[in-house]
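Read-outs throughout are calculated quantities, based only on the coordinates presented, and are distinct from any laboratory measurement. Note that the coordinates shown come from a computational prediction; the quantities given were computed from them, not determined experimentally.
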Amino acid sequence: MRAASVFILLLAALLLVMPNGAHDVITTKLTYSRDISRIFLKRCTSCHGNGASIPLASYPQVRPWAVDIKEQVLNRQMPPWGAVKGFGDLAPDMGLTEEELLIVAAWVVGGAPEGNPALLPAAAAEQAVQLAPLREGLHVNQSRKLDRSFLLAGIRPESLLELTSARIVAQLPNGRTLPLVWLFHYDPKWRQAFRFRAPISLPAGSVVEADAPAQFVLETP
């Protein structure tokens, strides 16, 4: 009898500490179907579609990775953009907005519910938008003073190592400072060129410089 009582107590204690994976506590009105799927469709599934090594195109695919996804997006490691959002007028800008970051984090913390599948967005149509290639202009080793006017359409990093942080700006002859791009944990294997929404006309005498050792190319339309 004593052994049975001890077994029952041990079993009760085990049940109290075991995670209830099948019934997560839901504390948010955000859902995958209505809210998260649209963010992923816009920001993630071009690389994490059904054929990817880690597909994130449906709720069953996303749910096991929810906590990891939250950590990755909050640390700006995903999507792999390599620039600080809002520093410079870039287009496209693939970094998540602050609102999108908060939505993803709140959804995960709130139990990551699926919601009503009827609210899922329609599959994204293939976009045939072709960006005109940029032309290589001037090479810069951290800083360069322009001896002529220059129409700047984009910046392409050339560094062989990861750039932890490098803010690139243009100091104009009139004393004004233009933010161009803030490289942040930029991995050179991405071979990412950062385009501006509209070309920037830099007058002769302007200084384009980074606040950390970095090599990059100023590209023209």
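Helix-only arithmetic for the chain: the sum of -39500 (n - 2.57) across DSSP H runs with n ≥ 4, divided by the residue total, places the mean residue ellipticity at 222 nm at -6500 deg cm²/dmol. Potential lengthening of the chain between W65 and V25 amounts to 12.7 nm, from the contour at 0.36 nm per residue minus the alpha-carbon distance.
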